[in-house]
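Presented below is the structure to which this report refers.
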Amino acid sequence: MSKVSHSLFDVIRFIMTETNLQTLLATLSPSLDPAEMVFCCLGEFPDLAELSTPPFAFINEEERWTIILEKDMADTLGWIYEGVFRRITLEVNSSLEAVGLTAVVATELTKHSISANVVAAFHHDHIFVPVERANDALTCLQSIQRQHT
C-alpha cells in the first residue's frame, strides 16, 4: 500500500510543477547548502568506486566531463578545480518549461556583482555562487521572494 501511495505522490508532484513566473518568484524559497562545491573537468568518466559520496552532477560536454562535487572530495582525489562555490537551491517546484525564472535570478545577482552558475534539474534550479558571496546571494534571492509576496 505504501508503495502505491508513494507512486501516486510522485505522479501528483510531477504534474504540479509550476510555470507561472509570479508564483515561482513568490514561492522561491532559496536554501543555502553548507558544503563548499567545485567544478572539475575530467577527460573521461570517473571510476565511481573512487567516490565516497555521489557528486552533485555529471555533465557530458563536447570537450570533456564536468563533475560538480564537494571540495573536500575533489581535494582527496587530487582533482583540479577553479573557484569554490556554495549551492543555493530554489526549493520551489519549478517546471523545466517555466520562462523567466533564471533571467530574474541572474539579473538580480548581477546587480550585486555576484556570479551565478545555474544548473536546472527536474524539480529545482540550483545556483552556484562564489563561497565568499554566498550569504549575500541568499539575501538577494530572499529579497526577490519578499518583493513578489
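Laboratory data are not the source of any read-out in this text; all were calculated from the coordinates shown. All figures in this text were calculated on a predicted structure; none of them were measured in a lab. Note: ideal-geometry Cβ built from the backbone for every residue, glycine included; neighbour counts use all protein chains shown.
Taking the Cα centre of the range 46-138 as origin, work out the dipole magnitude from +1 charges on Lys and Arg Cβ and -1 charges on Asp and Glu Cβ, in debye rounded to 20.
Charge dipole, the range 46-138, about its Cα centre: 300 debye, nearest 20.
Got a sec? How would SER52, SER31 order by Cβ neighbour count within 10 Å, fewest to most?
With the fewest neighbours first, SER52, SER31 line up as SER52, SER31.
Whole-Hz ³J(HN,Hα) for each residue in the range 23-40, computed from phi via Karplus 6.51 cos²θ - 1.76 cosθ + 1.60 with θ = phi - 60°, x for glycine and proline: what do you get?
5, 4, 5, 6, 10, 3, 6, x, 10, 8, 7, x, 6, 7, 10, 9, 10, 10
As a footprinting exposure proxy, order SER94, SER115 by other Cβ within 10 Å, with the fewest listed first.
SER115, SER94
Do me a favour and compute the ellipsoid semi-axes for the range 18-147 from its Cα gyration tensor, root of five times each eigenvalue, largest one first, whole Å.
For the range 18-147, the semi-axes come out at 28, 16, 12 Å.
List the residues whose amide H sits under 5 Å from the amide H of SER94, counting only those 5 or more places along or on another chain, with H placed 1.01 Å from N in the peptide plane.
GLU18, ASP125
Order these by the 10 Å Cβ neighbour count, fewest first: ARG146, ARG64, ARG133, ARG86.
ARG146, ARG64, ARG133, ARG86
Amide H to amide H under 5 Å from LEU69: which residues, 5+ apart in sequence or cross-chain, H placed 1.01 Å off N in plane?
VAL38, CYS40, PHE56
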